[in-house]
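Worksheet for the structure shown next.
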Amino acid sequence: MRLKNRKYLKDRAWIELDRDALRHNVAALRSLLPKGCSLMPVLKADAYGHGAVAVAKELEKMGVRSFCVACISEAIDLRRHGIRGDILILGYTHPELFPLLRRYRLTQTIVDAAYGELLGQYGKRLRVQIGIDTGMHRLGERAEHLDKLCGIFSMKNLKIEGAFTHLCTDDTESANDQAFTIQQAERFFRVIHELEKKGHICPKVHLQASYGVLNYPELAGDFARVGIALYGVKSARTDYDRFQADLRPVLSLKARVSSVRELAPGESAGYGLTFTADRPTRLASLAIGYADGLPRSLSDGMGQVLLNGKKAPIAGRICMDQTLVDVTELKTVQPGDTAVLIGRQGDEELSVYEAAEAAGTITNEILSRLGRRLTRV
Ligand SMILES: *Cc1c(COP(=O)(O)O)cnc(C)c1O
């Protein structure tokens with residue numbers, strides 16, 4: 001333990017960030033990208049649970065100058081903490097908040113042509129990027145609607161900084177999915193070209209997120225909007241990863257043992273008494289619960305933690321603020337010890353993949369739901 005950092009020794013549950021891993025991932029991702037394509041890291045959902053301000057500050061030191069977030073509150077939070085680079089809001093912002101776009105020097109995505117008109121009618125100059133829907137059908141004006149896209153360029157108040165699309169099947173090796181990705185890219189570059197022929201220039205264009213970089217580096221535009229890969233993991237262990245990129249997890253999740261007790265055979269524990277001791281049993285309470293983002297679906301032995309460098313199963317139902325662990329095999333566990341829920345301890349590792357698989361979801365969801373109550377070190 002790092003005794004120097006007294007603060008986190010007292011914490012009940014916390015996240016540790018590995019700065020070297022973040023640097024390593026930035027370098028690994030940059031090495032995949034052709035010259036001229038810059039990383040535009042995605043810091044939405046508090047940087048996938050890692051802590052957006054801390055991550056942004058590190059990235060600025062590594063020469064990153066552009067960021068993406070999901071919504072305006074995330075962007076303002078970065079600005080208030082001194083982040084100066086360009087910030088693109090990928091989602092919707094209510095028109096009553098348009099003044100804040102200017103006050104904080106933010107770039108708003110045009111989520112469709114009708115929304116572009118609202119931005120254009122605001123009356124003062126706004127920085128925007130045009131979302132183009134090439135097949136995901138979530139946000140962006142449809143690539144087929146060239147006239148509507150041209151209309152956006154006629155709005156004098158819009159400072160069009162770029163245009164982008166989002167790939168939705170770039171994480172598998174299936175032939176259909178690969179063909180769809182290529183089709184999305186073709187639609188995107190075709191419409192950019194058509195606009196250009198009419199004199200409408202999109203200064204910056206981009207279409208790759210993490211899997212675009214990992215699997216289709218040749219599709220690079222001016223930016224790559226990397227999220228999950230920057231944090232050192234894929235969404236799922238089995239996802240397509242053409243070059244077997246060497247990524248390192250940035251985040252560990254840890255919690256304090258608050259109490260240890262003995263149960264006699266036949267005694268039960270936790271809400272609903274779903275755990276019953278079938279032998280003399282030692283249970284440790286950890287000071288972390290589902291309100292901290294530990295999925296409740298890891299209850300009843302679905303999830304594990306590391307204590308004393310060994311795996312121990314979660315016992316009974318995870319509570320809002322506490323979790324029981326069966327430490328019968330780990331005789332020396334005592335209050336004050338550190339449990340690892342995601343990360344390494346000794347020779348053992350519990351990766352976020354294990355938590356995601358046991359909870360039936362992807363790593364993005366596990367990470368992005370890690371609670372504000374956790375301290376971040
Ligand atoms: C979330 C998001 C990203 C980042 O996706 P990852 O798969 O985590 O890299 C990029 N672009 C858009 C539009 C997004 O919504």
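The values are calculated or read from the model by the stated rules, or taken from the named source; none is laboratory data. Model, not experiment: these values are computed from the prediction. Because the Cβ atoms are built from the backbone with ideal geometry, glycine has one as well, and the counts that use them run over all protein chains shown.
Residue 261 fulfils the conditions (1) out of contact with any Pro (no Cβ under 9 Å at 6 or more places or on another chain); (2) touching a residue at least 60 places away in the same chain (Cβ under 8 Å); (3) of a type outside the set (Asp, Glu) except for a single criterion, (2). If you go through the range 146-153 one residue at a time, do you hit one that is touching a residue at least 60 places away in the same chain (Cβ under 8 Å) and either within 13 Å of the ligand (Cβ to nearest atom) or within 22 Å of residue 200 (Cα to Cα) (or both)? Looking through the range 146-153, none of the residues is touching a residue at least 60 places away in the same chain (Cβ under 8 Å) and either within 13 Å of the ligand (Cβ to nearest atom) or within 22 Å of residue 200 (Cα to Cα) (or both).
Looking across the range 326-358, the residues that are of a type outside the set (S, T, N, Q), touching a Ser or Thr at 6+ places or on another chain (Cβ under 8 Å) and over 19 Å from residue 16 (Cα atoms) come down to 326, 335, 358.
Evaluation of residue 96 against the conditions (1) buried (at least 19 other Cβ atoms within 10 Å of the Cβ); (2) away from the ligand (no atom under 16 Å from the Cβ) shows that the sole unmet condition is (1).
To keep it simple, each residue is scored yes or no on (1) within 13 Å of the ligand (Cβ to nearest atom); (2) modelled with pLDDT of 95 or more; (3) in contact with a helix residue (DSSP H, G or I) (Cβ under 6 Å, 6 or more places away or on another chain).
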position: 125; (1), (2), (3): no, yes, no
position: 136; (1), (2), (3): yes, yes, no
position: 158; (1), (2), (3): no, yes, yes
position: 163; (1), (2), (3): yes, yes, no
position: 168; (1), (2), (3): yes, yes, no
position: 179; (1), (2), (3): no, yes, no
position: 186; (1), (2), (3): no, yes, no
position: 216; (1), (2), (3): yes, yes, no
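Go through (1) at positive phi; (2) out of contact with any His (no Cβ under 9 Å at 6 or more places or on another chain); (3) not β-branched (Val, Ile, Thr) and name the single condition residue 145 misses. Condition not satisfied by residue 145: (1). The set of residues in the range 130-167 that are within 19 Å of residue 209 (Cβ to Cβ) and among the hydrophobic types (A, V, I, L, M, F, W, C) comprises 130, 132, 136, 139, 143, 163, 164, 167. From the list 303, 266, 293, 316, the lone residue that is more than 16 Å from the ligand (Cβ to nearest atom), surrounded by fewer than 22 Cβ atoms within 10 Å (Cβ to Cβ) and farther than 30 Å from residue 202 by Cα is 266.
Taken over the range 229-241, the criterion of being within 15 Å of the ligand (Cβ to nearest atom) and either farther than 18 Å from residue 359 by Cα or free of Cβ contacts under 8 Å to residues at least 12 places away in the same chain (or both) is satisfied by 229, 230, 231, 232, 240, 241.
If you check 209, 185, 163 for being among the small types (Gly, Ala, Ser), surrounded by 16 or more Cβ atoms within 10 Å (Cβ to Cβ) and within 23 Å of residue 248 (Cβ to Cβ), only one passes: 209.
Here is the figure for the range 113-145: residues that are charged (D, E, K, R) and crowded, with 19+ Cβ neighbours inside 10 Å total 3. Check the range 243-252 and report whether any residue there is over 26 Å from the mean Cα position of the chain (by Cα) and either away from the ligand (no atom under 15 Å from the Cβ) or over 26 Å from residue 370 (Cα atoms) (or both). No, there is no match, as no residue in the range 243-252 is over 26 Å from the mean Cα position of the chain (by Cα) and either away from the ligand (no atom under 15 Å from the Cβ) or over 26 Å from residue 370 (Cα atoms) (or both). One residue stands out in the range 189-198 among those that are surrounded by fewer than 18 Cβ atoms within 10 Å (Cβ to Cβ) and touching a residue at least 24 places away in the same chain (Cβ under 8 Å): the one that is nearest to residue 234 (Cα to Cα), namely 190. Being within 22 Å of residue 254 (Cβ to Cβ), of a type in the set (A, V, I, L, M, F, W, C) and surrounded by 12 or more Cβ atoms within 10 Å (Cβ to Cβ) is true of residue 47.
Looking only at residues of the range 203-214 that are part of a strand (DSSP E or B) and near the ligand (Cβ under 9 Å from one of its atoms), we find that the one that is nearest to residue 55 (Cα to Cα) is 208.
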